[in-house]
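What follows is a set of notes on a single structure, which appears directly below.
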Amino acid sequence: MSDSIKLNYQINDEDFTRAGEASGDVKKRLRQMGCSPEVIRKVAIAMYEGEINMVIHADGGEINVEITPEDITMVLKDKGPGIPDIEKAMQAGYSTAPDNVRALGFGAGMGLPNMKKYSDEMHIDTVIGEGTTVTMKVYQ
Amino acid sequence: MRNHKAIITKERCIDCGECIRICQNHAKLPSYDPLEVINDYDYTVALPAPSLYGQFNNLDDVNIVLTALKRMGFDDVYEVGASAEVVSQLSRDYIKKHREQWPLISTACPSVVRLIRVKFPNLIEHLLPIDPPVEIAAKEARKRAVEKTGLPEDKIGIVFISPCPSKVTSVKAPLGMEKSNIDAVCAIKDVYLKLLPLMKQIDDPEDLAMAGKIGVGWGVSGGEAGGLITDNYLAADGIENVNKILEDLEDQKFGNLEFIELNACNGGCVGGVLTVENPYVAKVKMNRLKKYMPVALKRIESGDAIKPENAMWTREIEYEPVFALGEGMKDNIHKMNMVAEIEKRLPGLDCGACGAPTCLALAEDIVKGEAKELDCIHLLREYVHRLSGEISKLDPM
């Protein structure tokens with residue numbers, strides 16, 4: 001038996017009602033693992049924001065999570081349009097979300113900033129027209 | 001389910017009462033004190049919960065109920081609704097001064113506090129640290145009784161007339177305090193039967209009412225929040241809804257709310273398992289009764305036992321991680337992987353025939369050593385098939 005838990009989630013496109021299911025499931029498992037409340041909170045918020053981003057901008061994608069006693073690694077991979085200007089995208093309040101998404105209360109421009117804020121490490125790989133992979137780590 | 005009986009995992013139970021509500025065979029019974037408890041004391045005071053008033057048809061004066069309680073054998077009555085108005089007053093003040101804790105979560109429903117304690121440790125800091133109305137009422141009632149009678153405190157019985165068994169648990173194992181002020185908890189449904197004939201005989205009720213609209217309103221979901229005089233609140237009732245709200249709140253899905261009122265029972269306290277009337281009908285009755293009441297009658301006064309400082313929690317609520325499968329993170333990871341392996345072999349139908357509510361729950365029970373894989377009737381059937389196949393191969397017939 002390995003010393004880690006590996007989880008895989010397929011995120012559906014444009015299904016707002018289901019966004020949050022993956023992060024909710026991870027939250028449940030972290031509780032079972034006996035992780036500290038602070039760690040659970042950080043992972044839940046960072047992953048939920050990432051999940052929503054995938055739905056809004058990239059028609060969904062795939063999330064892989066690995067949990068070890070040392071840290072939690074989340075890899076969010078999509079085949080969306082890519083991020084042309086990461087620096088700009090990281091600014092609080094900057095958003096390219098369409099109006100219909102904003103009407104639902106999303107797209108406040110806090111997604112990436114919150115992901116950065118609540119993760120201990122974050123790395124973005126993006127290729128215009130091919131997709132984006134965001135890797136986040138939260139230390140235990 | 002073990003050996004055909006429903007077993008409750010005690011550490012995980014939050015006393016929501018769902019098992020009592022749902023079992024058609026009434027296998028699970030709430031625990032509370034019998035009415036005869038009145039005889040154990042020299043002087044008794046009844047503390048009727050606001051939800052009691054929602055049980056009666058055409059009630060237009062709560063004094064009739066309160067007078068009937070005295071004729072039933074109680075020496076005095078002290079409305080929990082009156083103390084609810086005190087809690088509303090204290091809450092308004094606390095919420096205004098503690099913006100950093102917004103949204104504050106109401107703590108009047110003990111099941112909600114217990115749910116947060118085992119499942120939402122991140123939300124503990126949002127709990128409103130004020131004693132629930134019934135505890136405050138108990139303190140005031142005892143003080144008044146001692147002043148009136150000169151009896152020692154332990155000769156006085158403070159009896160809560162409760163809509164829910166969750167309050168029984170919180171008398172035995174209080175939340176936010178060392179020791180409860182309540183001596184006994186009786187059920188609304190027991191009192192109801194005694195009160196009905198007595199109420200019919202009352203022509204000129206005593207003037208005993210101490211609560212107005214705000215206090216009585218606490219019996220119904222949204223009533224506590226209504227007493228805060230702000231629109232910036234959310235009120236949810238029913239344990240599943242409460243759970244969903246807390247999940248979303250933990251993920252920071254809500255904006256700037258000031259206050260969140262949560263009640264484990266549908267409709268609020270009127271939906272408690274110790275009540276008689278359908279909660280939604282009770283709500284209509286309460287609203288009708290409230291219509292001609294003054295907004296509030298009770299505020300903290302100089303002669304009261306309660307002062308703003310001694311109505312606050314004296315003991316912090318601590319996270320109880322009851323969901324961990326083993327000891328320490330490594331062991332937990334190992335066991336969770338075992339659970340995942342077992343779960344793959346189970347049919348995933350969540351049929352419940354093994355006694356566990358879901359296949360996942362059975363897998364967890366197997367890892368904890370409380371069940372075995374062949375408790376699953378589908379796996380058992382396959383096993384038997386395989387076995388009989390082997391036997392037929394052996395049999396030359």
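Data table
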| read-out | value |
| --- | --- |
| Accessible surface ranking that places the most exposed of B:Asp231, A:Asp3 first, with a 1.4 angstrom probe | B:Asp231, A:Asp3 |
| B:Phe254 accessible area, 1.4 Å probe, all protein chains in place, Å² to nearest 10 | 70 |
| Between segment B:255-272 and segment B:82-115, the Cα center-to-center distance that results, in Å | 12 |
| Occluded residues from segment A:28-68, i.e. those whose accessible area drops by 40 Å² or more once the chain is not alone (1.4 Å probe) | A:Arg31, A:Gln32, A:Met33, A:Pro37, A:Arg41, A:Ile45, A:Tyr48 |
| R0 of 56 Å, Cβ-Cβ distance B:Gln101-B:Glu382: FRET efficiency to nearest 0.05 | 0.55 |
| Exposure of B:Lys368 as accessible area (Å², to 10), given a probe of 1.4 Å and all protein chains | 70 |
| Expected 222 nm ellipticity per residue - DSSP helices of 4 or more, -39500 (n - 2.57), all of the protein assembly as shown, to 500 | -12000 deg cm²/dmol |
| Area buried, chain B against chain A - accessible surface, total, 1.4 angstrom probe, square angstrom | 2300 |
| Accessible area per residue, Å², segment B:239-309 with all protein chains present, probe 1.4 Å | 50 |
| Modelled label reach - B:Lys172, point 7 Å along Cα→Cβ, segment B:37-62 residues with backbone N closer than 20 Å | B:37-38, B:40 |
| Pairwise Cα inverse-distance average, inverted: Kirkwood Rh of segment B:176-234 (Å) | 15.2 |
| Integer Hz, Karplus 6.51/-1.76/1.60 couplings in order for segment B:303-315, x for Gly and Pro | x, 6, 5, 8, 10, x, 7, 9, 9, 8, 4, 10, 9 |
| Packing rank of B:137-150, B:106-119, B:287-300, B:180-193, where each peptide gets the mean count of other beta carbons within 10 Å, highest leading | B:106-119, B:180-193, B:137-150, B:287-300 |
| Value of Rg to Rh for the protein assembly as shown (Rh from inverse mean 1/r over Cα pairs, i.e. Kirkwood) | 1.05 |
| J(HN,Hα) series, segment B:163-169, from Karplus relation 6.51 cos²θ - 1.76 cosθ + 1.60, nearest Hz, glycine and proline x | x, 8, x, 4, 6, 5, 4 |
| Number of partner chain Cβ atoms within 10 Å, mean per residue of B:324-331 | 4 |
| Sulfur and carbon atoms: percent of accessible area, chain B [1.4 Å] | 52 |
| Hydrodynamic radius of segment B:328-394 per Kirkwood, over alpha carbon pairs, in Å | 12.8 |
| Net +/- balance of residues flanking B:Arg381 in space, Cβ distance below 14 Å, scoring K and R +1, D and E -1 | -1 |
| In degrees, nearest ten, helix B:188-201 long axis to first principal axis of chain B (Cα) | 30 |
| Ranked packing of A:58-66, B:311-319, most packed first, by mean Cβ within 10 Å | A:58-66, B:311-319 |
| Mean-position separation - Cα centroids, segment B:153-203 and segment A:48-94, in angstrom | 54 |
| Convex hull of Cα atoms in chain B, direction-averaged projection (nm²) | 25.1 |
| Using a Förster distance of 60 Å, the FRET efficiency for B:Asn25-A:Gln91 (Cβ separation, nearest 0.05) | 0.45 |
| With all protein chains modelled, accessible area of A:Asp99 [1.4 Å, Å²] | 120 |
| Selection of GluC sites (Glu not before Pro), segment A:1-46, meeting DSSP coil and at most 15 other Cβ within 10 Å | A:Glu14 |
| Summed residue charge, Cβ within 11 Å of B:Asp365's Cβ, Lys/Arg positive, Asp/Glu negative | -1 |
| Between helix B:62-72 and chain B: long-axis angle, C-alpha atoms, 0 to 90°, nearest 10 | 80 |
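The values are calculated or read from the model by the stated rules, or taken from the named source; none is laboratory data. Model, not experiment: these values are computed from the prediction. Don't worry about glycine lacking a Cβ; one is built from the backbone with ideal geometry, like all the others, and counts go over all protein chains shown. With ligands, DNA and RNA removed, areas are computed over all heavy atoms of the protein, side chains included. Shrake-Rupley method; radii C 1.70, N 1.55, O 1.52, S 1.80 Å.
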